[in-house]
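Visitor: Quick one: structure below, then a few questions.
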Amino acid sequence: MSVEAVLSRISEIRSQIDTLRGGSAAATSSSSSAGSTSASSSAFADALATATGTTGTGTATAATAAAAATSSAPATSVDAGAGTLATGSGATGSDVVADAKKYLGVPYVFGGTTTAGMDCSGLVQTVFKDLGVTMPRVVPDQAKMGVEVGSLKDAQPGDLIIPKGEGHVVIYVGDGKVLHAPRPGKDVRIVDNWYSDADIATIRRIVPAQASATPATTATTAASSATDLQTAALLSMMQTGSAA
């Protein structure tokens, strides 16, 4: 393949990329034109697959990439849900701990959700409400929210620890300590965590442990990655052409 042919192919592929980015596709005027476009797309997909170490050609590779991009999109809900993080409020686990500390010293009152008194699940619901995240009221329902954390060694500040029997809930604050509303006669306090993995029914992460990238940063990173992959694919095609 001559240098002129490679440059012509690169120009064709760039035109296709620009068309795809604009969200529209130009209709082909003849079967020969369609065949040429299809061949170019397939060639680029094959080169891209070689550059990224993936398999498959043509539209199959494109479909796989699109599916991967879709599956990695974060949830944006402000309602706690099972199997997903509530990212819509922008709150993180550190925010959960910071807000919960505002209630230190509040007396335990069964069914309470205010500074006049609150119980363990009332404290949890109130903290998340402060942060713009809607949580269920009682422990068994709270135990179903968010994503499960495998064990205490993986727990991060802001995670909820629910013991077996689901009769209590505490907020992990880090360094082996938890914050909770214990029982009548006690107040909201931070204590050493007394639960072991054998005592725990589930550990739930309701919001991200750390702040995620902003949309602008994410878009810039994605665009940069796409450009790098395109460049690698084009170079792969040129090297193949030179070898021929």
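Visitor: In nm, what is the difference between 0.36 nm times the number of residues separating Leu104 and Ile17 and their Cα-Cα distance?
Guide: Working: separation 87, 0.36 × 87 = 31.32 nm, distance 5.67 nm.
Here the answer is 25.7 nm.
Visitor: Give the carbon-plus-sulfur fraction of the accessible surface of the range 144-184 in %, rounded to a whole number; probe 1.4 Å, heavy atoms of protein chains only. Show your work: numbers first, answer last.
Guide: Working: 880 of 1810 Å².
It is 49 percent, rounded to a whole number.
The values are calculated or read from the model by the stated rules, or taken from the named source; none is laboratory data. Small disclaimer: the values here were computed from a predicted structure and weren't measured. Surface accessibility is based on the protein's heavy atoms, side chains included, excluding ligands, DNA and RNA. Shrake-Rupley method; radii C 1.70, N 1.55, O 1.52, S 1.80 Å.
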